[in-house]
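One structure below.
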Amino acid sequence: MKLIAPADDAPATLIPIPALADNYIWMVQKNGHALIVDPGEPAPVEALLSHGLTLEAILITHHHNDHTGGVRALQQRTGARVYGPRAENLPACDVPLSEGDQVDLPGIGLQFHVLDIPGHTAGHIAYVGFIDAERPVIFCGDTLFAAGCGRLFEGTPAQMLESLSKIGNLRPETLVCCAHEYTAANIRWALQVEPDNVALQARARDTARLRAQNQPTLPSRLDLELQTNPFMRTWQPEVRAAADHRAARRLDSPQAVFACLRQWKNDFK
C-alpha cells in the first residue's frame, strides 16, 4: 500500500468533534471543504458546517449507531457522498469499500486507502492516508484506542490481533484518530499490566493534565501506542508475564496473550 501525500501545500485542519457521551466525530477541513468520519449525531457537525464549509464526504468505519446515527440526516442536508464498509449494514452508503479500495476526494484534495480491520465488528474498516505532506493519519473507529482496543462484539481475538498488527506496520508518526475519549480509563488499566513502563507513566501524567483542562487526548500517534498500549505489545516480555500471571498459567501464543488482556480489560473497574 503506497500512500501519497497531497500535492498542494494548503493547510488542513484536523478536528475531534465531541458527540454523544464520549464519542469523537473526526473532521478534516481544507480548501473550504470538509470530510467527517463516523457521525453519531448530526448537530455538532452542522454547527461547524454553518461557517461556510462544504461537506464533501462522510466516511464510516463500522455499523454501530454511535458512529452512524447522524449519517442520513447529514447526507440529506448536504448531499455529501457516504463511504462505508462493504460487509456491514449501514443506514446509507453510496460507495461500499473493502481492503484495497481507494477513496479519492478531489474537492478537499485528499486520498485514502482502505484496510479491513475486523474484530470489534465483522466488517470494520479503516481509512489511511495523509492530511498534508507531514501528517499521515488513520481513522480507525473502535479498533485501536489510545492505550486500548475495542471490545470483541463480532470478531475473534485472532482477528483483532491481526488487525492491530496491520495498523502497527504503518508509519510510526501516523496520527491515530479513534472514536472515543477512553484514554484515561485505558491508561489506568494499562498501568496494571505494565506498572514500570516509564513511557506509560509519562502518558498518564500528560493525559491527566489534558483532561483536567477538558481537552481531548486525541489524536494519538502510532509510535506512542507501540510504547504504551498493552494490546500493541503482546510480544513484550513484561506484557506476556503479566498476562501469564493473570491467567495463572503459561500462555502459549500471542492470541492467548491478547485474549487474556482483552478479558482483563473487560473485567477492569
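Just so you know, all these numbers are worked out from the coordinates, no wet-lab data involved. Keep in mind that this is a model prediction, so the values were computed, not measured. Positions of Cβ are generated from backbone atoms using ideal geometry, with glycine treated the same way; all protein chains shown enter the neighbour counts.
A few notes on this one:
- Beta bridges per DSSP, both residues in the chain: antiparallel share near 65 percent.
- Cα-only radius of gyration and Dmax that characterise segment 78-191, units Å: 14.5, 46
- Helical segments meeting 24 Å axial Cα length and Kyte-Doolittle 0.5 threshold in the chain (DSSP H): none
- Cα-based shape type of segment 39-123, given that a ≥ b ≥ c are square roots of the gyration tensor eigenvalues and the cut on a/c is 1.5: oblate
- Highest-first arrangement of 72-84, 139-151, where packing means the average Cβ count within 10 Å: 139-151, 72-84
- Net charge dipole size for segment 13-267 [Lys, Arg +1 and Asp, Glu -1 on Cβ; Debye, nearest 20]: 500
- With distances taken between every two different alpha-carbon atoms, the chain has a Kirkwood hydrodynamic radius of 18.8 Å.
- Residue separation of Ser165 and Glu46 scaled by 0.36 nm, minus their Cα-Cα distance, works out to 39.3 nm of gained length.
- Using θ = phi - 60° and Karplus 6.51 cos²θ - 1.76 cosθ + 1.60, couplings along segment 216-230 (whole Hz; Gly, Pro as x): x, 8, 10, x, 8, 10, 4, 4, 5, 5, 5, 8, 10, 9, x
- The spacing between segment 9-31 and segment 75-134, judged by their C-alpha centroids, is 15 Å.
- With 10 Å bins from 0: P(r) over segment 138-188, alpha-carbon pairs, percent: 24, 55, 21
- Both radii come from the Cα set of segment 90-147: Rg as radius of gyration, Rh as Kirkwood radius; their ratio Rg/Rh reads 0.98.
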